[in-house]
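**Student:** Quick one: the structure is below, and I'll ask about it shortly.
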Amino acid sequence: MRLGLYTDGLAHLPLSQCLDFCARKGLTHVELGTGNWSSSPHIDLNLLLASKDERLRLYETLSARGLTLSALNCSGNPLHPGAKGDQHRDVTRKTIQLAAELGLDRIVTMSGCPAGPGDTHPNWITTSWPPETTTTLEWQWSEVLLPYWRESAAIARDYGVRLCFEMHGAQCVYNVETFIRLRDEVGDVAGINFDPSHLIWMGAEPIAVARTLAGSIYHAHAKDTRIERTARVNSFLDAKRVTPVEGRSWNFVAVGLGQEQGFWVQLIRELQAGGYDEVMSIENEDYSLTPEAAVTQAIDCLAPLMTGERTYV
């Protein structure tokens, strides 16, 4: 297995400096955001789509540092009502096209979450009571989510690109059951971007999830979550902003500061046993450290587990 970085974790750096950092730290792969929720994309989606020369220049920039492009990331909400949804759908479609132009076979995305009938804001439903919740949830799936992803999956299949869905809160696909329901409808062009951090705060066991999803994991993020003492009385559900970190029930932290290294050893072993032996792409959203310090912490935790094409476990 190899170690890479989703470069949004160093979004404050220009692309050249970000890639220099990756090369100095011994990373071999990078994942690039194309827009939507990407905080500061390092590439211009429209420019790269329009220009073969720009695509060649990107690859030269990477190869000069010994780096390989692992995936494009267009995570957002293509099911959002109104103009925002239109924009996110446009970026998603163009990201599929750009991946094909770059010779990539995968993009990272999220399922999205619609509003309810007649509503103007997305509504993430996580309970069957009161009774209207189930009616709204079924409407979201049958009238919005499934029609969109059936069409988009067909486009992705035509381009030879796989859709790597991240199971994420506030999305229709947030756990194993919801992913399988989507995949059953659109086919195996749909797979998983395996990110343990969200599973942790939603109460799932990432290693068990990896075992259950063996064969459908197409990409993986290395991102950690620490459950804080506050959760003992306030539960894992926490709608407070991500900063300040004090007083929250859980926080995203640099890899190794939430789950010990032994957890990562077991997780990597489970991913490999299920057929995934590619890139672990570090994603950083630790708000208590500088970005460079957080990414370095993640590398220090994970790099000893990496030896060439295989992971030492």
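The values are calculated or read from the model by the stated rules, or taken from the named source; none is laboratory data. The structure displayed is predicted, hence computed values, not measured ones. Neighbour counts run over all protein chains shown; Cβ positions are idealised from the backbone, glycine included. Surface accessibility is based on the protein's heavy atoms, side chains included, excluding ligands, DNA and RNA. Shrake-Rupley method; radii C 1.70, N 1.55, O 1.52, S 1.80 Å.
**Student:** Hey, any idea what % of the chain's accessible area is carbon plus sulfur with a 1.4 Å probe?
**Tutor:** Carbon with sulfur: 51 percent of the solvent-accessible area.
**Student:** Same structure again: Please work out, to two decimal places, the log10 of the ratio I(q)/I(0) at q = 0.07, 0.10, 0.11, 0.16 Å⁻¹ from a Debye calculation in which every Cα of the chain carries one identical scatterer.
**Tutor:** -0.26, -0.55, -0.67, -1.49
**Student:** Looking at THR109, LEU145, PRO131, which one has the Cα that reaches farthest to the positive end of the dipole of region 74-166 (charges on Cβ: Lys, Arg +1; Asp, Glu -1)?
**Tutor:** THR109
**Student:** In whole Å, what three semi-axes, largest first, describe the equivalent ellipsoid of region 157-227 built from its Cα gyration tensor (square root of 5 times each eigenvalue)? Provide the component values of the computation, followed by the final result.
**Tutor:** Working: eigenvalues 90, 30, 23 Å².
Each semi-axis is the square root of five times an eigenvalue, giving 21, 12, 11 Å.
**Student:** Tell me the volume per residue, in Å³, of the convex hull enclosing the alpha carbons of region 192-313.
**Tutor:** Once divided by residue count, the hull of region 192-313 is 98 Å³.
**Student:** Here is a further query. If you line up the Cα atoms of region 1-146 on their principal axes, what length do they span on each, largest first, in Å?
**Tutor:** Largest to smallest, the principal-axis extents are 58, 31, 27 Å.
**Student:** Hey, with R₀ at 45 Å, roughly what FRET efficiency would LYS52 and THR296 work out to, going by the Cβ-Cβ distance, to 0.05? Don't jump to the answer; show the numbers that get you there.
**Tutor:** Values: r = 36 Å, r/R0 = 0.80.
Given R0 = 45 Å and the Cβ-Cβ separation, E is 0.80.
**Student:** Still on this structure, please answer the following. Within the chain, what percent of beta bridges assigned by DSSP are antiparallel, to the nearest 5?
**Tutor:** Details: 6 of 34 bridges.
Rounded to the nearest five, the antiparallel share is 20 percent.
**Student:** Once you put a point 7 Å from the Cα of PHE236 and another 7 Å from the Cα of LYS84, both along the Cβ direction, what distance in nm separates them?
**Tutor:** 2.5 nm
**Student:** Probe of 1.4 angstrom, ligands and nucleic acids ignored: what's the accessible area per residue over region 237-313, in square angstrom?
**Tutor:** Counting only protein heavy atoms, the per-residue value for region 237-313 is 48 Å².
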